1. Name the residue that is farthest from Thr111 (Cα to Cα), counting only residues in region 184-205 that are open to solvent by less than 100 Å² (accessible area, probe 1.4 Å) and free of Cβ contacts under 8 Å to residues at least 40 places away in the same chain.
2. Out of the residues in region 102-131 that are out of contact with any helix residue (DSSP H, G or I) (no Cβ under 7 Å at 6 or more places or on another chain) and part of a loop (DSSP other than H, G, I, E, B), state the one that is least open to solvent (accessible area, probe 1.4 Å).
3. Need the failing condition index for Gly318 against (1) at pLDDT 85 or above; (2) under 24 Å from Thr209 (Cβ atoms), just the number.
4. From the list Tyr205, Tyr233, Tyr254, which residue is modelled with pLDDT of 90 or more and within 30 Å of the chain's Cα centre (by Cα)?
5. Go through (1) of a type outside the set (Val, Ile, Thr); (2) open to solvent by less than 60 Å² (accessible area, probe 1.4 Å); (3) closer than 27 Å to Glu211 by Cβ; (4) not in a strand (DSSP E or B) one by one and return the number of the condition Cys87 breaks.
6. Within region 272-321, which residues are open to solvent by 30 Å² or more (accessible area, probe 1.4 Å) and either among the acidic types (Asp, Glu) or touching a Cys at 6+ places or on another chain (Cβ under 6 Å) (or both)?
7. May I ask you to list the residues in region 1-29 that are among the hydroxyl-bearing types (Ser, Thr, Tyr) and within 16 Å of Tyr205 (Cβ to Cβ)?
8. Only residues that are open to solvent by less than 40 Å² (accessible area, probe 1.4 Å), in contact (Cβ under 8 Å) with a residue 40 or more places away in the chain and part of a helix (DSSP H, G or I): list them for region 90-101, please.
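The values are calculated or read from the model by the stated rules, or taken from the named source; none is laboratory data. Since the structure is predicted, the reported quantities are computational estimates derived from the model, not experimental observations. Cβ coordinates were reconstructed from backbone atoms using ideal geometry, including for glycine residues, and neighbour counts include every protein chain displayed. Note: areas computed on protein heavy atoms with side chains; ligands, DNA, RNA excluded. Shrake-Rupley method; radii C 1.70, N 1.55, O 1.52, S 1.80 Å.
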Amino acid sequence: MGKETVKLTRKIQLQVDAPTKEEKKLVYDTLYRWQNRSFRAANLIISHLYIQERVKEFFYLSEGIRYKLADEKKVENGMLNRSKMNCTYRVVSDRFKGEIPTNILANLNNTIINNFRNNLSEYSKGERALANFKRNIAFPFGPVAIHGLSYKEDQKAFCFRLFSIPLKTYLGKDHTDKRKLLEQLVAGKIKLCTSRIQLKKQKIYWLATFEFEKEIHNLKPEVIAEASLSLEYPITVKSGKATLRIGNREEFLYRRLALQAAQKRAQSGATYCRPGKGFKRKTKAVEKFYEMEKNYVSNRLHVYSRKLIDFCIKQQAGTLILLNQEAKIEAAQQERFVLRNWNYYELTKKIEYKAKKAGIELLID
């Protein structure tokens, strides 16, 4: 039996590894063209998938139409001349051939089909709207698109080629595990999976997905840790006789409310700012404080979730239960202040992936 693995995605900023402005401009033009073709291809794929699934409801078509959505070579009365997956791939590949690498189209097709299948029951019941992809879509590519990944001392960066485009990482003052993960990837200790490239405000980001074995800890499934999430104390956890309160209302809210007040003052003063480039120039300070608040909250939730998992490991708790969360969410929805400042969902997701990485079973009550 193979070892259990876990996937982890990290956002890594990239720079174009080219000497001249003309070459850098050419790279940016290429990447933005790929982004545009991915955006158009994604909406084509999802449209074709939805029509294929709904074709049985086209009762107004003639009775001679064949309803089986399958390859005619493999299934009697099949109405497709190739497999379902290959149908949508051929649609976008024939339309955008030569404008974008087929590896991107293939991975985009696979990703959209998998997501569509997972949400198909909700689409059928009308509980979920059909996905609508925006122009700033992050386009996927397989690990085979990465060539020559290595660390270069002279540039103090990890350099590689994405297809034929020269790129290098920009980690800055990295206090996370990005550098360590890249070093392990170069050494062949972990595996790179299908990743994505995101273009945002003239910056390039690599949403790299790494696959590695789960951490091995001496955990006991019968030992249970019970945790409660709230705004008063972000996390309160108990296992046996050991109890730990992680964070408090003053610590979490003090900085956050200060940033919100600063953002409100910036909004009030935006009227008197020099216009320059219109709305964007006037609201530059507002956007700055918004990003500061978002980054602060994300950092605190990472710290809280990390402390919770470390507590479970120390207590050898193989099972973690989040108690009475539905009742607290309903109560929070009645209070505007709590709803605005309590990031329950984001905290739960951070706990979930850290617990999975450590091999801890998570249950939500």
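1. Here is the first cut: in region 184-205, the ones open to solvent by less than 100 Å² (accessible area, probe 1.4 Å) are 184-188, 190, 192-195, 197-200, 203-205.
Filter once more, keeping what is free of Cβ contacts under 8 Å to residues at least 40 places away in the same chain: 184-188, 190.
Details: Gln184: 26, Leu185: 23, Val186: 26, Ala187: 28, Gly188: 25, Ile190: 22 Å.
Filtering first and then ranking leaves Ala187.
2. It comes out as Asn119.
3. (2)
4. Numbers: Tyr233 fails: modelled with pLDDT of 90 or more; Tyr254 fails: modelled with pLDDT of 90 or more.
Exactly one of Tyr205, Tyr233, Tyr254 is modelled with pLDDT of 90 or more and within 30 Å of the chain's Cα centre (by Cα), namely Tyr205.
5. So Cys87 meets the others, but not (3).
6. Residues satisfying the conditions are Lys282, Glu287, Glu291, Asp310.
7. To start, the set of residues in region 1-29 that are among the hydroxyl-bearing types (Ser, Thr, Tyr) comprises 5, 9, 20, 28.
Scanning region 1-29 gives Thr9, Tyr28.
8. Kept after step one, since they are open to solvent by less than 40 Å² (accessible area, probe 1.4 Å), are these residues of region 90-101: 92-93, 96, 100-101.
Narrowing the set further to residues that are in contact (Cβ under 8 Å) with a residue 40 or more places away in the chain leaves 92, 96, 100-101.
Across region 90-101, the qualifying residues are Val92, Phe96.
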